[in-house]
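A quick write-up on the structure given underneath.
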């Protein structure tokens with residue numbers, strides 16, 4: 001009897017914890033998420049300041065920035081552990097998109113003890129700011145994001161073929177420029193010539209390497225023209241898929257109590273990820 005009562009209390013505690021951490025429908029849940037967003041912004045600001053030479057060279061500033069970084073990392077680690085505790089399927093949440101991002105947000109600080117400088121990768125925490133759409137009830141933005149995601153998935157085979165075609169073109173033109181221009185013009189290898197082809201076909205044009213012969217310049221001009229023509233291809237493919245996509249389905253801000261998955265349809269009764277009842 002006591003064991004059953006204890007189990008019920010633990011279940012209620014986990015349910016309450018899930019409501020605070022994963023949901024933003026209650027004052028406590030919204031306050032938790034707003035504080036979390038402020039901490040994420042603070043940690044990103046600390047990482048950015050640490051990269052400024054004038055600040056990094058000041059021992060006092062460097063000390064306090066490290067204190068902030070390690071304190072926030074500890075808080076994020078506690079938050080990650082609580083997220084795993086309050087869901088029924090912690091391993092499924094850990095493998096989800098936000099679960100992986102939450103883990104990666106913690107790792108840069110301890111990894112920097114072995115590999116100095118890697119703490120700068122903590123800016124990956126910026127991805128967690130996407131939760132702001134759920135926190136502030138911007139469900140219509142989630143609906144648009146869902147539609148864009150479906151269009152990208154549907155268009156991916158066509159985009160993959162397009163990218164493969166561009167890659168083949170880059171290899172051919174890069175090899176040709178290596179033969180035509182040679183090391184005298186800076187085309188010292190085929191990989192370096194392929195780099196030039198990528199920079200040219202994307203119309204970036206750094207200018208660090210440039211053809212010198214008339215034939216090489218003619219090829220460069222054709223590559224630039226092709227670059228402008230190729231820009232519209234993925235845009236057109238994605239636009240066509242967006243036009244064919246079904247009528248928008250409103251998205252709920254509710255998170256699954258079992259795996260923490262978000263982005264369910266507003267009338268969904270079961271989780272789209274693990275199948276548990278919402």
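Values quoted throughout were computed directly from the atomic coordinates according to the rules given, and no laboratory measurement underlies them. These numbers come from a predicted model, not from an experiment. With ideal geometry, Cβ positions are generated from the backbone for all residues, glycine too; neighbour counts draw on all protein chains shown.
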Task: Debye log10 I(q)/I(0) for the range 145-244, one point scatterer per Cα, at q = 0.15, 0.23, 0.25 Å⁻¹ - done: -0.64, -1.09, -1.23
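Among 84-92, 63-71, how do they line up by average Cβ neighbours within 10 Å per residue, starting with the highest?
Values: 84-92: 18.0, 63-71: 14.9.
Descending packing order for the listed peptides: 84-92, 63-71.
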Task: Euclidean distance of C-alpha centroids, the range 28-81 and the range 189-221, integer Å - done: 43
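Viscosity 0.692 mPa s, temperature 37 °C: give me the Stokes-Einstein translational D for the range 17-57 in µm²/s, with Rh taken as the Kirkwood radius over C-alpha pairs.
On the way: Rh = 11.7 Å.
Stokes-Einstein gives a translational diffusion coefficient of 281 µm²/s.
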